[in-house]
1. Please give the Cα centre distance for the range 263-294 versus the range 295-339, rounded to the nearest Å.
2. Determine which lysines satisfy two conditions relative to K35: a Cα distance under 21 Å, and not lying fewer than 8 residues away in the same chain.
3. Calculate, for D92 and L259, the FRET efficiency according to 1/(1 + (r/R0)^6) with r their C-beta to C-beta distance and R0 30 Å; round to the nearest 0.05.
4. Treat every Asp and Glu Cβ in the chain as -1 and every Lys and Arg Cβ as +1, leave all other atoms uncharged, and give the resulting dipole magnitude about the Cα centre to the nearest 20 debye.
5. Give me the number: length gained by fully extending K267 to Q374, i.e. 0.36 nm times residue separation minus the C-alpha to C-alpha distance, one decimal in nm.
6. For K287, list the lysines whose Cα falls under 25 Å from its own Cα; do not include residues on the same chain fewer than 8 positions away.
7. Once label points are set 7 Å from the Cα along Cα→Cβ at both E281 and T426, what is their separation, rounded to one decimal in nm?
8. Using a 1.4 angstrom probe on heavy atoms only, work out the carbon and sulfur share of the accessible area of the chain in %.
Amino acid sequence: MNRRDFVRNSGITAAAATILPSSSIFASEKVEKVKIAMIGVGLRGQNHLSLLLKRDDVDLVAICDIDDRMLTMSKSMIAKSGKPMPKIFTGDDQAWKKLLEMKGLQAIVISTPWEWHKEMIIGSLQAGLKYVATEVILGITLQDHWDVVQAAERYNAHVMMLENVCYRRDVMAALNMVRQGVFGEIVHLQGGYQHDLREVKFNDGVKAYGGGVEFNEKGFSEARWRTNHSVHRNGDLYPTHGIGPVANCININRGNKFLKLNSFATKSRGLHNYIVNNSSESHPNAKVNFRLGDIVTTTIDCANGETIILQHDTNLPRPYSLGFRVQGTKGLWMDVNRSVYVEGVSKPHQWDDQKAWLDKYDHPLWKKYGDDAQGAGHGGMDFFVIHAFVEACKRGAPTPLDVYDAAAWSAITPLSEQSIEMGNETVDFPDFTSGKWMSRKPIFALNDDY
Ligand code: NAD
């Protein structure tokens, strides 16, 4: 399928689908190589680092981290790549501010713990950067999300959350099917983050969180910060992998909008049981009171009449699954049973194996870049998310996922916490677009290149 067919079939006008450099803030200063810096080169940052190092259109000019182990691993990757060693910023948790004083920086990739994202994004915007990529999630509180949105608007800059699952091959094929009307009019969607993180939360054994400290100095990577969120918070703490792909299917912030949500949390058993089973009831961590319910279920109501169910499930034994379901008036896709059903095509009341459908509707971007994506993290999707950011930056164009997407998706966390706190009351979504959602047009994955 060529681009024209793709755009026509998707029901979206070419004008809306084309990203016009003329509307860009860099229209007069096109860059071939982008000068990028990174803040946070932990496990996720190193993933992005390896992709950036492979690109000839990227000059990696600086990296910042405060963990010597992570810096050593990163420096070794850079040395092996044969690329010049970037300037290193380290020493204390404010060193990133010195990095932002560098002249000529064009873009930044932030892969630090959640609690740093807002401050680092806004700091980057204040330093004059027009392209800021952040790992999920955008902020912690609702106010954080407003602050980032308002800063992006004030500085007329692009903030893209690196929501990689939006680029998963099956997810993009399903989006393609939605845009071509295979499922009819979409009415209901599901997704989630269903990932047994017990070993991640206690990656130094059950010693990882303990002694009543706020975080564990001995743990590695996410055990140093993520575990703490399970102690103090109860809500959908990680909504974006589930919500991003389904939000794209129904054009949230671009003709549609989240209206309200409510959340229910189960009791909390998984983390306590893990500690006791790997040590004993007398272990200090067995006394920690984890607030996070093992399974948090959130229901969202949308302006165009769809509902969405999201689940957050990280503390119990289970295989990984994001649990996608995209359902319309003619049929549906479900990833758990890897199946599609389309009325009039599938045998009545019987699932088709998804493979033939997903192959048929493989997204044009995957057809084009599938080979380049080979070997990139998470089945290749990590290639696409970094690719999209770099390409948008090179062209001075809007990023395909923007600050309004990041804010609306990430705001599910504080809203779900609020709902649970208030006895599962239904709470309203703020409109981060201030009404612009009514006229904004879809752009995600609608051009030839990224
Ligand atoms: P990590 O702990 O391995 O890495 C975080 C890094 O940030 C660490 O190296 C830490 O030293 C550094 N850091 C912390 N404070 C800093 C500061 N003030 N200045 C500079 N560096 C600082 O965690 P991770 O697994 O790499 O997670 C990082 C982010 O990536 C999180 O937002 C996480 O949710 C996200 N993530 C996303 C995916 C995905 O598939 N999209 C996968 C894993 C993690």
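The values are calculated or read from the model by the stated rules, or taken from the named source; none is laboratory data. Quick caveat, the model's predicted, so the values are computed rather than measured. With ideal geometry, Cβ positions are generated from the backbone for all residues, glycine too; neighbour counts draw on all protein chains shown. The protein model used for the area step is the full one, side chains on, heavy atoms only, and it has no ligands, DNA or RNA in it. Shrake-Rupley method; radii C 1.70, N 1.55, O 1.52, S 1.80 Å.
1. Going from one Cα centre to the other spans 26 Å.
2. Cross-link targets: K54, K75, K80, K83, K87, K97, K98, K103, K130, K394.
3. 0.10
4. Once rounded to the nearest 20, the dipole reads 760 debye.
5. Contour length minus Cα-Cα distance gives 34.4 nm.
6. Qualifying lysines at Cα under 25 Å: K201, K207, K218, K267.
7. Here the modelled spin labels are 4.4 nm apart.
8. Ligands and nucleic acids excluded, carbon and sulfur reach 51 percent.
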